[in-house]
Amino acid sequence: DVKVTQSSRYLVKRTGEKVFLECVQDMDHENMFWYRQDPGLGLRLIYFSYDVKMKEKGDIPEGYSVSREKKERFSLILESASTNQTSMYLCASRAYEGWTGELFFGEGSRLTVL
Amino acid sequence: QKEVEQNSGPLSVPEGAIASLNCTYSDRGSQSFFWYRQYSGKSPELIMFIYSNGDKEDGRFTAQLNKASQYVSLLIRDSQPSDSATYLCAPAPVGDTGNQFYFGTGTSLTVIP
């Protein structure tokens, strides 16, 4: 079975704290993604990576950074958490197969910033 | 960002009825589409992939694609309460979007027993 694992299902942090969300995939996929999901707004792309050390901004990168030092691992970093970053964060991976490759999602990390 | 529009719902249908979920998209270069299902509190899972004009059937699910009208739909026949979920439409990445993978906002479906 394919597997995308997010390190924490639930986190509670305080405003101003640095937050790390970790994601690991075991499918040797080239592409990895971080989304946040909020009611009424759907899935919004924060960042994606198409190779080790390569990244591109999605639609809402402000307040976030990412790191991909190894192919299987993609980390999302909130340098200084704010209350408006309270959300569900979903990691996904995808093989580079042009228009046919599907996204595989992790179980999600629900972050609450107080 | 390429536009992907879905009616947010909620859409309610009685058990056994046909549920029809619609998605329109702005990028004429989009060649194929994914339909994902997301149960409350869970992550999305793939249920259908379609790349040709016309219909594709898989069990109780039928995806329909009309590239000329930039429209893709998902029909669920004999709807069951277990089909109650949010359904997300996503065009496969193409062209200058590289590997960016965008979703519509999703349609919430409730099947009433």
Ascending count of other beta-carbon atoms within 10 Å, so fewest first, for B:Phe49, A:Phe20, B:Phe101:
A:Phe20, B:Phe49, B:Phe101
Would you mind giving the mean number of other chain beta-carbons within 10 Å of the Cβ of each residue in B:37-46, as a whole number?
4
If every Lys and Arg gets +1 and every Asp and Glu gets -1 at its Cβ, then about the Cα centre segment B:1-43 yields a dipole, in debye to the nearest 20, of 140 debye
Please find the FRET efficiency linking B:Arg60 to A:Lys18, where r is the Cβ-Cβ separation and R0 is fixed at 45 Å, and quote it to the nearest 0.05.
0.45
Could you tell me the ratio Rg/Rh of the protein assembly as shown? Both radii from Cα atoms, Rh via Kirkwood.
0.97
For chain A, what is the relative contact order in percent, using Cα pairs closer than 8 Å and at least 6 residues apart in sequence?
36 percent
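So, with +1 on the Cβ of K and R and -1 on the Cβ of D and E, and no other charges, what is the size of the charge dipole of chain B about its Cα centre, to the nearest 20 debye?
Values: 8 positive and 11 negative charges, 15 e Å.
In debye, rounded to 20, chain B gives about 60.
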Distance cut-off 19 Å, percentage of C-alpha pairs in chain B lying past it:
41 percent
Just subtract the alpha-carbon distance of A:Thr5 and A:Thr100 from 0.36 nm times their residue separation and send over the number in nm, one decimal.
31.9 nm
Remind me, relative contact order of chain B in percent, using alpha carbon pairs under 8 angstrom and six or more residues apart?
38 percent
Could you give the nm distance between label points at A:Leu114 and B:Arg77, where each point is 7 Å from its Cα heading toward the beta carbon?
5.3 nm
Mean other chain Cβ within 10 Å across A:41-49 is 4
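Each value in this text was obtained by applying a stated rule to the coordinates, not by laboratory testing. Because the structure is a prediction, the values reported are computed rather than measured. Note: ideal-geometry Cβ built from the backbone for every residue, glycine included; neighbour counts use all protein chains shown.
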